[in-house]
Amino acid sequence: MNRSILVIYRPAAGRYAAQFRSVVAAATALGVRTVVLLPAGEDAPETDGLPRYHADLEDTASVRAAVDGIVGEHRIERIFPLFEGDVLPASRSRKDHGIPGLTPDQALNFRDKNVMHRRAEELGVRVARSCRPDTVGAVAAFAEEAGYPVVIKPYAGWACGNTYRVDSREDLDRVWGEMGDDRHEYRVEEFIHGTEYHVDSLFQGGEVVFEQLSRYTYSVLEYRDEPGGTISRKHDLSHREQRILELNAVVLRGFGLGTGVVHAEYFLLDDGEVVFGEAGARAGGGSIVPAIEAGRGINLAGEWCRLELDPQHRPAARLGPEIGTEYLASGEYGRITSITTPADLTALDGVLDADVWKSVGDVLAPPTRSNDVLGWYVCEGTDFEDVLARFKTVRDAFRVSTEQA
């Protein structure tokens, strides 16, 4: 059988299409075939010509059964889950068949926030104080001790889905009514007041071969009120920012990462202390991958594939100017009658790339996750403040008109 890789791919909304194409291109260049596992009932044109299989990706048993059949027909050397929710099922399938990569024990460090924070503490890295929401009284007592606000979130969630900022006991009672029956799926954390950063890293053999620090321009929990933006920090890093990179390497090695890609988040407090937020064993979501590609010349997903298949490979990343990316959002809801196009946005000075996921006829509703947006754009600038100013120019140029659906 020919050398093959398996990509677990969710084509809905096109959010992972560019990553998928980059993985396929990297594998093809190395003479390795790509096999695709898709959600049941879904196909995508970018998978045409490739061996395709289907499973209920929300059911780990279904995924493992599908992979059992795939490895019987193909010589699978690696498994690449592009979506956060597929990381743990992929690890179980690796273990089933002795395929190199994250094991379930290691994958839990990147998926279960209870495990994740406990392991970070063992490594000597500060995390937010937390408690289990066993009872509403336990949460209220924790909030009184830690101070409001507190954050209630799924221990294995993503993109701020079903995540609540609780500012008072009245808020807590309301939120408890929404999630109390599923309390075992949640954790409670103190709210960290600090500047939020993220590090996007590539590892090979337990060593950092690429890293980029970036700073969020908004509070991730406030995605309903402002579009999500992030700006690279490549030049003139402060000692405190450099410390984030140092701790990131400690965390990822301690989590058991050998070769792979990780998106990790940290808070920098006013006193200079760094607090670990969370880490996912996948490329950054939204427009982080295209932003890094525009600024550094590499696609994180494609590089992950090359690093897994070629032990001698090293990413040939350039430094370039500071790069910013921001989600496209609108306060308009209803059926879209007109919307600014990607071509309109890339015609603006300094805008390098853009994608609009919505079109005329689509219906807009209030967001339920931080990535529930209309698209994104990437721009360049001389420094953080310059990129921030360019964000405003693009926001002012982006227009959406709607009518009642």
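The values are calculated or read from the model by the stated rules, or taken from the named source; none is laboratory data. Keep in mind the model is a prediction, meaning the values are calculated, not measured. For neighbour counting, all protein chains shown are included, and Cβ atoms are generated from backbone atoms with ideal geometry for every residue, glycine included. Just so you know, the surface numbers come from the protein's heavy atoms only, side chains and all, with ligands and any DNA or RNA stripped out. Shrake-Rupley method; radii C 1.70, N 1.55, O 1.52, S 1.80 Å.
Among the residues of the stretch 294-316, those that are surrounded by fewer than 23 Cβ atoms within 10 Å (Cβ to Cβ) and touching a strand residue (DSSP E or B) at 6+ places or on another chain (Cβ under 6 Å) comprise A294, R314, P315. On the basis of being under 25 Å from Q312 (Cβ atoms) and open to solvent by 20 Å² or more (accessible area, probe 1.4 Å), does V35 make the cut? Here the answer is no, as V35 does not meet what is asked. Screening M1 on (1) within 22 Å of T259 (Cβ to Cβ); (2) assigned to a loop (DSSP other than H, G, I, E, B) shows it passes everything except condition (1).
Filtering the stretch 78-88 to residues that are out of contact with any strand residue (DSSP E or B) (no Cβ under 6 Å at 6 or more places or on another chain) and open to solvent by 10 Å² or more (accessible area, probe 1.4 Å) leaves F83, G85, L88.
Select from the stretch 155-171 the residues that are open to solvent by 40 Å² or more (accessible area, probe 1.4 Å) and within 17 Å of H117 (Cα to Cα) and write down the one among them that is nearest to the chain's Cα centre (by Cα). Checking each candidate, the answer is W158. Number of residues in the stretch 376-394 that are at pLDDT below 95 and in a strand (DSSP E or B) equals 1.
Residue pairs whose Cβ atoms lie under 9 Å apart, sitting 6 or more positions apart in sequence or on different chains, and linking a residue in the stretch 261-277 that is on the phi < 0 side of the Ramachandran plot to a partner that is of a type in the set (F, W, Y) and open to solvent by 20 Å² or more (accessible area, probe 1.4 Å), are E265/Y216; E273/F267; V274/F267; V275/F267; F276/F267; G277/F267. For the stretch 130-154, a residue qualifies if it is open to solvent by less than 20 Å² (accessible area, probe 1.4 Å) and either within 25 Å of the chain's Cα centre (by Cα) or of a type in the set (V, I, T) (or both), and the qualifying residues are V139, P149, V150, V151, I152. Figure legend. Inter-residue proximity from the stretch 141-154: first residues more than 18 Å from K113 (Cβ to Cβ) and part of a loop (DSSP other than H, G, I, E, B), second residues open to solvent by 10 Å² or more (accessible area, probe 1.4 Å) and among the polar types (S, T, N, Q), beta-carbon distance below 7 Å, spacing 6+ or different chains. Indicated pairs: Y148/S168. Checking the structure you have, find out if any residue of the stretch 156-176 is touching a Ser or Thr at 6+ places or on another chain (Cβ under 7 Å), among the aromatic types (F, W, Y) and in a loop (DSSP other than H, G, I, E, B). Checking the stretch 156-176: not a single residue is touching a Ser or Thr at 6+ places or on another chain (Cβ under 7 Å), among the aromatic types (F, W, Y) and in a loop (DSSP other than H, G, I, E, B).
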